[in-house]
């Protein structure tokens with residue numbers, strides 16, 4: 001028994017060392033990939049010129065200010081960039097490089113979450129690089145856009161929630177739930193969508209653990225988070241004006257635009273996931289009996305998608321960073337004209 005316990009301890013220690021090595025390797029790989037883009041250019045990319053303006057205003061005045069362009073609060077990211085500007089002086093290159101810690105942190109968090117989900121180190125590494133070396137992630141990591149910091153705080157919130165579920169006692173669980181709430185609220189000051197994460201996280205932890213202490217903590221933390229979010233939104237609207245549907249825009253038109261945007265987001269994300277999803281085709285023969293009941297539903301979904309494509313009569317890609325010609329719309333978000341990478345019919349079929 002003693003020898004077996006020693007072997008188990010040795011395996012655990014070796015596994016931890018292996019995970020540490022893989023985590024560092026993932027972070028360094030992301031940094032190397034961003035460095036390979038040579039992000040040294042004194043001009044803005046896409047919308048990050050506006051976020052850079054806010055960071056520079058914070059560096060000069062100590063207050064967050066907006067120029068009427070942004071829809072994101074920017075918040076903590078602008079403060080971080082402003083502090084760097086105070087220390088080293090303003091440059092677009094500096095602000096682009098300020099995104100690197102968030103990008104590297106995403107790689108570490110994705111690997112750790114994969115291991116928590118039961119993946120082997122190799123598969124956790126594969127899942128991490130699938131995201132962090134994708135043609136969507138790297139351009140954003142080499143910019144001062146808010147997407148990468150927002151994703152970092154989303155994953156950090158989820159990571160704390162997982163630690164809360166795995167905690168041995170309710171006190172430790174409540175501590176990790178509080179950490180998830182704080183990180184989620186902070187992340188929402190960068191991109192408001194991150195505010196969904198802490199609310200989901202604490203409720204999920206309370207539901208899984210079903211302890212009186214965690215249930216009470218989840219209620220209190222959700223109320224505190226909601227108050228913090230309301231205060232931030234109230235302040236942001238006072239600074240920039242109310243957001244939402246345009247004044248005078250018919251409700252049905254607003255709903256139609258929102259539906260089309262969600263559909264574009266869904267199809268765009270699925271296209272980026274195709275390389276990973278294709279792995280499941282390898283064992284389709286073993287699972288074909290289970291798939292037969294779904295065949296009719298798949299045909300129905302395809303038919304509905306064809307109707308949607310015919311109805312909108314335009315490209316169902318979201319645009320901006322997911323376009324028919326690659327990254328950024330020509331003549332709108334980037335200079336010049338480029339050929340299509342995939343034709344519309346092929347994109348519809350892949351969708």
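The values are calculated or read from the model by the stated rules, or taken from the named source; none is laboratory data. Small disclaimer: the values here were computed from a predicted structure and weren't measured. Glycine gets a Cβ as well: all are built from the backbone with ideal geometry, and neighbour counts include every protein chain shown.
In the range 323-351, of all residues being modelled with pLDDT under 70 and under 22 Å from the mean Cα position of the chain (by Cα), the one that is nearest to residue 270 (Cα to Cα) corresponds to 351.
Taking the criterion of being part of a helix (DSSP H, G or I) and either free of Cβ contacts under 8 Å to residues at least 24 places away in the same chain or closer than 21 Å to residue 156 by Cβ (or both), the residues of the range 83-94 that qualify are 83, 84, 87, 88, 94. Report whether or not residue 80 is surrounded by 10 or more Cβ atoms within 10 Å (Cβ to Cβ), in contact with a helix residue (DSSP H, G or I) (Cβ under 7 Å, 6 or more places away or on another chain) and either within 29 Å of residue 320 (Cβ to Cβ) or modelled with pLDDT under 85 (or both). No; evaluated as a whole, the condition is false for this residue.
Applying the criterion of at least 2 residues that are over 19 Å from the mean Cα position of the chain (by Cα) and under 30 Å from residue 67 (Cβ atoms) to the helices (runs of 4 or more DSSP H) found wholly in the range 133-249 leaves 212-240. Under the condition of being in contact with a helix residue (DSSP H, G or I) (Cβ under 6 Å, 6 or more places away or on another chain) and part of a helix (DSSP H, G or I), the residues counted in the range 32-55 number 5.
Hey, does the range 134-143 have a residue that's more than 19 Å from residue 209 (Cβ to Cβ), touching a strand residue (DSSP E or B) at 6+ places or on another chain (Cβ under 9 Å) and modelled with pLDDT under 90? Yes: the range 134-143 contains one or more residues that are more than 19 Å from residue 209 (Cβ to Cβ), touching a strand residue (DSSP E or B) at 6+ places or on another chain (Cβ under 9 Å) and modelled with pLDDT under 90.
Among the residues of the range 51-62, are any out of contact with any strand residue (DSSP E or B) (no Cβ under 7 Å at 6 or more places or on another chain), surrounded by 21 or more Cβ atoms within 10 Å (Cβ to Cβ), under 13 Å from residue 148 (Cβ atoms) and in contact (Cβ under 8 Å) with a residue 24 or more places away in the chain? Yes - at least one qualifying residue is present in the range 51-62.
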